[in-house]
Amino acid sequence: MTDSPRGTIHSVRPSIPGAFPPLPKRGGERLDISLGYVAPGRSGLRARIYTGPAGVEGSATVEHEDLYVGDRFSSRAWRFEVLRLSLEKGAELRLLPEGDDD
C-alpha cells in the first residue's frame, strides 16, 4: 500500500478477486471488489469494476461501467479514483480518505 495525503493506492487485477493490498474495513464492513475488464474506449482505456459488501449473503453486486482514468466512483463507505488502466495489469485505484467528497 502506498500512503498519500489523498488516500492509499490499491490494484485490482484481471481474473483475481479482491484488491492488492486488501481494502481496510470501513464502518465495520469489508468490501468485495473485482475487475470485470479493461478495454479500449472512446477516449482511452475504460474499465468495469464490480463491488459489494463482503460476506453478506444475497447482497447485490454493483457494476461500475465505463470508468476512465480520473473518474471517481463510490460503493457504500468506500470512494475511489481511477489512477491508471492497463490491459495487462488491470486497474490502479486510489482509495480516498473517509469524508473526502470533493
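The values are calculated or read from the model by the stated rules, or taken from the named source; none is laboratory data. For clarity, every value in this text was computed on a predicted model and none was experimentally measured. Glycine gets a Cβ as well: all are built from the backbone with ideal geometry, and neighbour counts include every protein chain shown. Only protein heavy atoms, including side chains, enter the accessible area calculation; ligands, DNA and RNA are left aside. Shrake-Rupley method; radii C 1.70, N 1.55, O 1.52, S 1.80 Å.
Out of the GluC sites (Glu not before Pro) in the chain, which ones are loop residues according to DSSP with at most 11 other C-beta atoms within 10 Å?
57, 88
3J(HN,Hα) couplings calculated from phi for the range 11-17 with the Karplus curve 6.51 cos²θ - 1.76 cosθ + 1.60 (θ = phi - 60°) are, in sequence order, 9, 10, 10, x, 6, 10, x Hz; Gly and Pro show x. Where [x] 17.0, 54; [y] 16.5, 49; [z] 12.9, 39 are the candidate values, the label of the one calculated here for Rg and Dmax of the Cα atoms in Å is [z]. Treating r as the C-beta distance of residue 68 and residue 98 and R0 as 22 Å, the FRET efficiency rounds to 0.35. Derived scalar couplings between HN and Hα for the range 18-35 equal x, 10, 10, x, x, 6, x, 5, 9, x, x, 10, 10, 10, 7, 9, 8, 9 Hz in order, rounded to whole Hz, by the Karplus curve 6.51 cos²θ - 1.76 cosθ + 1.60 (θ = phi - 60°), x for Gly and Pro.
Distances between placed amide hydrogens fall under 5 Å for residue 89 paired with no residue 5 or more residues away or on another chain. Accessible surface for the chain, divided over its residues, is 57 Å² per residue with a 1.4 Å probe. Computed from backbone phi, the HN-Hα couplings of the range 56-72 come to 9, 5, x, 7, 7, 8, 9, 9, 10, 9, 6, 8, 10, 3, x, 5, 10 Hz, rounded to whole numbers (Karplus: 6.51 cos²θ - 1.76 cosθ + 1.60, θ = phi - 60°; Gly and Pro given as x). Only protein atoms count toward the accessible area here, which uses a 1.4 Å probe; on the chain, the carbon and sulfur part of that area reaches 49 percent.
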